[in-house]
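J.: Before I ask anything, here is the structure I am working with.
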Amino acid sequence: MTTTAANQRMFDNESDYCAHFIRHDQIDKYLANDRDFIPDDAIQALLATTGEPDPQCVRDILAKSLAIETLTPEETATLLRVTAPGLQAEMVEAAWQVKHKVYDNRIVTFAPLYISNPCLNRCLYCGFSTDNQQQCRTHLGMEDIRRECEVLAGGIGHKRLILDCGEHPESSTDYLLDALRTIYGTQVRTRRGVAQIRRVNLNVAPMPIEDLRLLKGAGIGTFQVFQETYHHDSYRRMHPGNTPKSDYRWRLTCMHRALEAGVDDVGIGVLFGLYDWRFEVLALVHHARELEARFRIGPHTISFPRLQPASAAPLATKSPWLVSDADFLHAITVLRLSVPYSGMIITAREREDVRREAVRRGCTQMDAGSRVGIGAYARFSETQEIDGQQFILGDTRSLDELVCDLARQGTITSFCTAGYRCGRTGGCIMDALKTGKEGKFCKVNAVLTFREWLDDFANPQSLTLCEPLLQRELEEIRQQLPKLYPTVQDAYDRISAGERDIFF
Ligand code: SAM
Ligand code: SF4
């Protein structure tokens, strides 16, 4: 197994690393007349010329979202401009319906796993920036990663991880491949069976096609990279120096490379607070439409972290573009309506109340019991230290608490990881999501994995609270899928008896 040469050697400086690692031929092929697909001027003009819209025009757009069609930038700009409370409430209701049509009453959970924080980049907002001399730098070895997984899979009960690290020669593709092998290979005994992490998504630096092919071969789930800000000038200011991340287009085209490499679950995102949030929402829609037009696959997920305080990063609290709760929630509603089939991730950076409201507006994935320090699960400190972690979290509830909170709202927590393991990814899952077919598999898998989790990890009070919800879901399957139901009931009984990892 080989990786690109840039991954295997050490470098004298950042320019040396950039020169070897960034492949201009893998950027230029996606440009048209030397322009990328984010038209700053056109987006600004659209924002400047779109006024408070006519209610009928908004309702027509909502009907298109409810038909699970991607909106145009013009339609998105119209929704962004809605301020009338009654019309905003109609948008929230439509967003909820869209979410239900595509994803039913499920929330998928995951945990972030930070494995390394040395970083060559100088992002002005991040505690891992190379300029942060106060930061303690740690790079987990495979034994450390195995210990983290034992806590995540065996102690807490997570089945999905998102692997995070800084951009550095030490965190090469070979290192990521080793980490993937270690994570997938760690099995832990639980109360009633065995547990392991079944899906590892990555949130790492952009990379060349050759490396993405290797990661695909190692069984990664979603490949996520956030553009942070799509606004070219702001991007340049936020990422100073000649660092790998200062190349806007290398980052912007990374999902093109991933899709070409066969990694067909890709996750895009912005970091709200670096520039005008309305601009970022429109740019995300441009990105989704570009991927749809070129590859017939849109983003599997969209993320929209908001800036949080971070060590030695004053911009994180002083940026003139910080986004209020009200604007943030409106942005989420508009995104749900504009890209109706994509999963939407609301992380524990946000407070509990904001997360609850974000779910009401269509978010589909949440992390819980998260720790964003290196090796922080095995250390299991109850307090958050700003040094040693990337930023400060807003919601520190445990997975058990989140599961119960969702259950009280009639929402089932899904630990399903079946999709990519039976080839339901990319264009195939896009079509299934748009037509509601995927929902049927997801419902069955949600029930089966919820049974597993309750038996293996829930505390007695949580079990009592969640059991009626689980039985209601099972009954719905019996009514909606009568032919499949006997097979589902058989799988359910086998799981109750201690068998694990049965999926449809
Ligand atoms: N180093 C890689 C990169 O930058 O793409 C990996 C991901 S980094 C660990 C994960 C994400 O955290 C970044 O893409 C950024 O959006 C977000 N982030 C960085 N600093 C943050 C802060 N102060 N508050 C909230 N999110 C932040
Ligand atoms: Fe490094 Fe990513 Fe932090 Fe930037 S956001 S300093 S690239 S870890």
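J.: For Phe272, only one of the following conditions fails: (1) in contact with a helix residue (DSSP H, G or I) (Cβ under 6 Å, 6 or more places away or on another chain); (2) within 16 Å of ligand 2 (Cβ to nearest atom); (3) aromatic (Phe, Trp, Tyr). What is its number?
T.: So Phe272 meets the others, but not (1).
J.: Is there a residue in the range 78-85 that is assigned by TED's automatic domain parsing to the domain that holds Thr317 and of a type in the set (Val, Ile, Thr)?
T.: No, the range 78-85 has no match at all.
J.: Of the numbered conditions (1) basic (Lys, Arg); (2) within 16 Å of ligand 1 (Cβ to nearest atom); (3) crowded, with 18+ Cβ neighbours inside 10 Å, Lys101 satisfies every one except a single condition; which is it?
T.: Here Lys101 meets the rest and fails (2).
J.: Consider only pairs whose beta carbons are under 9 Å apart and that are at least six residues apart or on different chains; among these, list those whose first residue lies in the range 463-480 and is over 16 Å from Lys440 (Cα atoms) and whose second residue is polar (S, T, N, Q) and outside any helix (DSSP H, G or I).
T.: Close Cβ pairs satisfying both conditions: Cys466/Thr413; Leu469/Thr411.
J.: So in the range 396-423, with the set limited to residues that are surrounded by fewer than 18 Cβ atoms within 10 Å (Cβ to Cβ) and either within 16 Å of ligand 1 (Cβ to nearest atom) or at pLDDT below 70 (or both), which one is farthest from Ala218 (Cα to Cα)?
T.: Going through the qualifying residues, I end up with Thr396.
J.: Go through the range 264-289 and give me each residue that's of a type in the set (A, V, I, L, M) and either outside the structural domain of Ser234 (by TED's automatic domain parsing) or under 15 Å from the mean Cα position of the chain (by Cα) (or both).
T.: Residues satisfying the conditions are Val266, Ile268, Val270, Leu271, Leu284, Ala288.
J.: From Glu93, Glu74, grab the single residue that is outside any loop (DSSP other than H, G, I, E, B), more than 21 Å from the chain's Cα centre (by Cα) and without any contact (Cβ under 8 Å) to a residue 24 or more places away in the chain. Quick ask: steps written out before the conclusion?
T.: Details: Glu74 fails: without any contact (Cβ under 8 Å) to a residue 24 or more places away in the chain.
Only one candidate qualifies: Glu93.
J.: What number of residues within the range 15-41 are in contact with a His (Cβ under 9 Å, 6 or more places away or on another chain), in a helix (DSSP H, G or I) and over 30 Å from Glu170 (Cα atoms)?
T.: The total comes to 1.
J.: On to the next question. With the checklist (1) without any contact (Cβ under 8 Å) to a residue 60 or more places away in the chain; (2) within 16 Å of ligand 1 (Cβ to nearest atom); (3) surrounded by 17 or more Cβ atoms within 10 Å (Cβ to Cβ) in hand, flag the one item Leu329 doesn't pass.
T.: (2)
J.: Let me ask something else. Please verify whether the range 387-395 includes one or more residues that are more than 16 Å from ligand 2 (Cβ to nearest atom), surrounded by fewer than 19 Cβ atoms within 10 Å (Cβ to Cβ) and at pLDDT 85 or above.
T.: Within the range 387-395 (the criterion being more than 16 Å from ligand 2 (Cβ to nearest atom), surrounded by fewer than 19 Cβ atoms within 10 Å (Cβ to Cβ) and at pLDDT 85 or above), the answer is yes, since at least one residue qualifies.
J.: Looking at the range 169-196, which of its residues are crowded, with 23+ Cβ neighbours inside 10 Å and not in a helix (DSSP H, G or I)?
T.: Ala195
J.: Would you confirm whether or not the range 140-162 contains a residue that is farther than 30 Å from Ile68 by Cβ, within 14 Å of ligand 2 (Cβ to nearest atom) and assigned by TED's automatic domain parsing to the domain that holds Pro314?
T.: No: the range 140-162 contains no residue that is farther than 30 Å from Ile68 by Cβ, within 14 Å of ligand 2 (Cβ to nearest atom) and assigned by TED's automatic domain parsing to the domain that holds Pro314.
J.: Considering only residues that are hydroxyl-bearing (Ser, Thr, Tyr) and in contact with a Gly (Cβ under 9 Å, 6 or more places away or on another chain), which ones fall in the range 348-377?
T.: Once the filter is applied, which keeps residues that are hydroxyl-bearing (Ser, Thr, Tyr) and in contact with a Gly (Cβ under 9 Å, 6 or more places away or on another chain), the range 348-377 yields Thr364, Tyr377.
J.: Could you check how many residues of the range 107-163 are away from ligand 1 (no atom under 11 Å from the Cβ), hydrophobic (A, V, I, L, M, F, W, C), farther than 27 Å from Thr364 by Cα and crowded, with 19+ Cβ neighbours inside 10 Å?
T.: 2
Condition check ((1) buried (at least 22 other Cβ atoms within 10 Å of the Cβ); (2) under 16 Å from Val285 (Cβ atoms); (3) more than 12 Å from ligand 1 (Cβ to nearest atom)) across all residues:
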residue: Gly298; (1), (2), (3): yes, yes, yes
residue: Ser303; (1), (2), (3): yes, yes, no
residue: Ala312; (1), (2), (3): no, no, no
residue: Pro320; (1), (2), (3): no, no, yes
residue: Ser338; (1), (2), (3): yes, yes, yes
residue: Tyr341; (1), (2), (3): yes, yes, yes
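The values are calculated or read from the model by the stated rules, or taken from the named source; none is laboratory data. Bear in mind that the values here come from a model prediction, so they are computed numbers and not experimental data. A quick note on method: Cβ atoms are made from the backbone with ideal geometry, for glycine too, and the neighbour counts reach across all protein chains shown.
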